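These notes concern the structure reproduced below.
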């Protein structure tokens, strides 16, 4: 008989558009696969999709990274536009019933931050922030070497800090959140409004690269908002380093633009801004490592 500790961790990463899964052995992901995320608004459909990705062989543990707020194994979408689901859906309990193993469930940006801190851009720092700028904006914080989740799972959700007091209403219910200015969704909306034609974020970056000043201004506004959010986090937690990932965050020249704008801050708020290194599957790796380390939230 194989001991549970010798079996792989079944790792899952739930995003607004896709669910990725793999078996994790140490820091290696095996048999990675993904499917489209069911967007029915029903957590049971999400669990059924994850069960369909589960390996036939027995696993030692189940570890899930997910967008949204995780509190005591229950999932609530801070922004329902990112992932529609019932408030407080008992994800851990439902997955245990479906898979026969009690899972660890952690926010995806928090899980990715742990991977970055452990094996990526955060190595050597004590206070570290990972920011993913993609469809939305996620953040994971490691303070004094410990991943922060908070009693209600809200720690690190910098995308929902205020950036523009008179801005548009965010999916979270507040007005002018950073996510309404600097996310890929926001860039597409603001770019389309300013350019007078539908434009997705990649096309906006392409237009800016070709010299379109309006496209460049929309991106510059996002860069400024992010840099000010970094300064706020630095003031609050004395962050040593910011690692940036995500489809927008990794766009050509974006991190360079963040660095350049950050140099205009007062010196005490300036911190290294680097490209994330753990890769697109940082959430899978991070949650698997947290599971193996008998994770307890802070």
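Per-residue ellipticity at 222 nm computed for the chain from its helices equals -10500 deg cm²/dmol, with DSSP H segments shorter than 4 residues left out and the rest contributing -39,500 (n - 2.57). Here the relative contact order of segment 1-101, from alpha carbon pairs under 8 Å that lie six or more residues apart, stands at 28 percent. How many nm is it between the label spots at residue 44 and residue 81, if each spot is 7 Å from the Cα in line with the beta carbon? Using points 7 Å along Cα→Cβ, the separation is 3.0 nm. Here the Gaussian network model covers the chain, with springs between Cα atoms less than 10 Å apart; of 119, 137, 273, 119 fluctuates the most. Comparing 15, 68, 159 in a Gaussian network model of the chain, where Cα atoms under 10 Å apart are tied by springs, the biggest mean-square fluctuation is seen for 15. Whole-percent P(r), segment 1-98, all Cα pairs, 10 Å bins from 0: 16, 49, 28, 6, 0. Running a GNM on the chain with Cα contacts under 10 Å, which residue among 139, 172, 241 ends up with the highest mean-square fluctuation? Between 139, 172, 241, it is 172 that shows the largest mean-square fluctuation.
Strictly greater than 23 Å: what percent of every Cα pair in segment 24-175 meets that? Cα-Cα pairs of segment 24-175 separated by over 23 Å account for 42 percent.
Using all pairs of distinct alpha-carbon atoms, the Kirkwood hydrodynamic radius of segment 123-275 works out to 15.7 angstrom.
For the peptides 123-134, 246-257, 26-37, the ranking by packing is 123-134, 246-257, 26-37, with the highest mean count of neighbouring Cβ atoms within 10 Å listed first. Per the Debye formula on identical point scatterers at the alpha carbon atoms of segment 193-298, with no solvent, log10 I(q)/I(0) at q = 0.11, 0.18, 0.23 Å⁻¹ is -0.46, -0.97, -1.20. Across segment 123-275, the mean sequence separation of Cα contacts (distance under 8 Å, 6 or more residues apart), normalised by length, yields a relative contact order of 24 percent. Treating each Cα of the chain as one equal point scatterer and applying the Debye formula with no solvent, the log10 of I(q)/I(0) at q = 0.08, 0.11, 0.12, 0.14 Å⁻¹ comes out as -0.34, -0.63, -0.75, -1.01. Across the chain, C-alpha contacts under 8 Å between residues 6 or more apart give a mean separation that, scaled by the residue count, equals a relative contact order of 19 percent.
Readers should treat all values here as calculations from the given coordinates under stated rules, not as data from a laboratory. Because the structure is a prediction, the values reported are computed rather than measured. Don't worry about glycine lacking a Cβ; one is built from the backbone with ideal geometry, like all the others, and counts go over all protein chains shown.
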